[in-house]
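Asker: Got a structure here, written out as structure tokens. Questions coming.
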Amino acid sequence: MSRFFSSRYAALTPYVPGEQPRDRKYIKLNTNESPYAPPRPVADAAGDASAECRLYSDPESTELREALAARYGLSTEQVIVGNGSDEILNFSFMAFGDETHPLLFPDITYGFYPVFAKLNRIPYREIPLEEDFTIDLRRYEGHEGVVVIANPNAPTGISLPVPAIEALLKTLTKGILIVDEAYVDFGGESAVPLIESYDNLLVVQTFSKSRSMAGARLGFGMGSPELIRDLKTIQYSTNPYNVNRMTADAGKTALAYGDYYDACCAKIRKTREMTAEGLKKLGFRVLPSCANFLFAESDRIAGEELYLRLKEKGILIRHFTIPRIANFNRITIGLPDDMKTFLAKTEECLEEIK
Ligand SMILES: *Cc1c(COP(=O)(O)O)cnc(C)c1O
């Protein structure tokens, strides 16, 4: 740290992104990217737009927001787009959280929530997941601040039914609920239909996972026009041109390929079940996942040990240091052949330490 770094941030522990090593070619099962490329016209749209990059992008991202609104049955005023859903999450924490409106989220969830909370100096409380790693939403009822739930949750992959979300919303008469649906397209149930009836609901989604566009950085928030206006106040106070024109056009084009992406998600679900079966045969406990990853543990090998041994063999997965999940690994679902290799190499690891 330089001697100039503001004392306001000196104690920050930044988010640690999954590693993207360049030393060799890995089978990358560590950052929940899609193994399938976007349709060719998506990349072409980005290329075409780059010819115009002399000009600023549309700060309203009007065409993209119109396309999203049409896709989700909303009005354009109910949609905001951002530089990844991480940005939308940061905007919403800034907009709705403060000393008297603390954040409430599970102890085991997306690692960025506590980072954004600290960055913006918003107090937060973590509620432990249940014994079976599910979220009991009754423990969030009546909160007078911001409840943040990832559904499906990460890194567990476990999903909540929408009626449970609605029951919680009814109790938040002075609070707001942010549902982070980064993985919803892989088998979760979306809360978007509740937006019309609940002005205290913000749903956040991303193009990074199910739409194969992690590197384009595009996320979006959906909620009442009033909530979206608040978020735009933050957008225009930090980074008005937050979505560049290449990404905006690529995103708009991607929305025209719903069938293609549905087919990709179906393949990933099928590969997920194949992988889960394989892991169970090797003696792993596998949590029921509705996402594009599995969360699994074995009493035959520690999470960190499996991570390290697989890395040696050219496969990257995630492990965690939070004590309660230290024995787990999170494994992104890749191509079927990659998952077969993963299972074979995992079996090798178990043999090696016998
Ligand atoms: C990947 C992820 C995001 C953020 O993705 P962006 O790439 O910033 O859109 C948000 N929430 C969860 C739970 C995620 O796993």
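Please treat every number below as a calculation from the coordinates, not as lab data. From a predicted model like this one, the values you see are computed outputs, not experimental measurements. Here Cβ is always computed from backbone atoms with ideal geometry, including for glycine, and neighbour counts include all displayed protein chains.
Asker: Quote the charge dipole size of segment 166-309 about the Cα centre in Debye, to the nearest 20; the model charges only the Cβ of Lys and Arg (+1) and of Asp and Glu (-1).
Answerer: Values: 18 positive and 18 negative charges, 80 e Å.
The dipole of segment 166-309 has a size of about 380 debye.
Asker: How far, in nm, would the chain grow between L12 and S237 when pulled straight, counting 0.36 nm per residue and subtracting the alpha carbon separation?
Answerer: On the way: separation 225, 0.36 × 225 = 81.00 nm, distance 2.25 nm.
Result: 78.8 nm gained on full extension.
Asker: When the gyration tensor of segment 121-207 is built from Cα positions, what are the square roots of 5 times its three eigenvalues, in whole Å, from largest to smallest? Mind dumping the intermediate values first?
Answerer: Details: eigenvalues 66, 55, 32 Å².
Ellipsoid semi-axes (Å, largest first): 18, 17, 13.
Asker: Still on this structure, I have one more. Could you quote the convex hull projected area for segment 1-65, Cα atoms only and averaged over all directions, in nm²?
Answerer: Working: hull surface 37.3 nm².
Its Cα hull, projected and averaged over all orientations, spans 9.3 nm².
Asker: Identify the residues of segment 160-203 with backbone N under 20 Å of a label point that sits 7 angstrom from the Cα of A266 along the Cα-to-Cβ direction, or state none.
Answerer: Correct set: 184-190.
Asker: What does the highest-first list of 75-83, 121-129, 215-223, 24-32 look like by mean Cβ count within 10 Å? Working shown, then result.
Answerer: Details: 75-83: 20.9, 121-129: 15.4, 215-223: 23.0, 24-32: 18.2.
Peptide ranking by packing, descending: 215-223, 75-83, 24-32, 121-129.
Asker: What does a probe at K174 reach in segment 126-167, counting residues whose amide N is under 17 Å from the point 7 Å along Cα→Cβ?
Answerer: 140-147
Asker: Further question on the same structure: How much of the calculated P(r) for the chain lies past 28 Å, in percent of all Cα pairs?
Answerer: Values: 28203 of 62481 pairs.
Distances greater than 28 Å cover 45 percent of the Cα pairs.
Asker: Hey, if you put +1 on the Cβ of every Lys and Arg and -1 on every Asp and Glu Cβ in the chain, which of A95, M1, V115 ends up farthest toward the positive end of that dipole?
Answerer: With unit charges placed on the Cβ atoms, the residue in question is M1.
Asker: Roughly what would the spin-label model give for E77 and K340, points 7 Å off Cα along C-beta, in nm?
Answerer: 5.5
Asker: In whole Hz, what ³J(HN,Hα) sequence does segment 154-159 give by Karplus (6.51, -1.76, 1.60; θ = phi - 60°), x for Gly and Pro?
Answerer: 10, x, 7, x, 6, 10
Asker: Shifting gears a bit: Report, in whole Å, the centroid distance computed from the Cα atoms of segment 222-273 and segment 52-87.
Answerer: Each part's Cα centre sits 8 Å from the other's.
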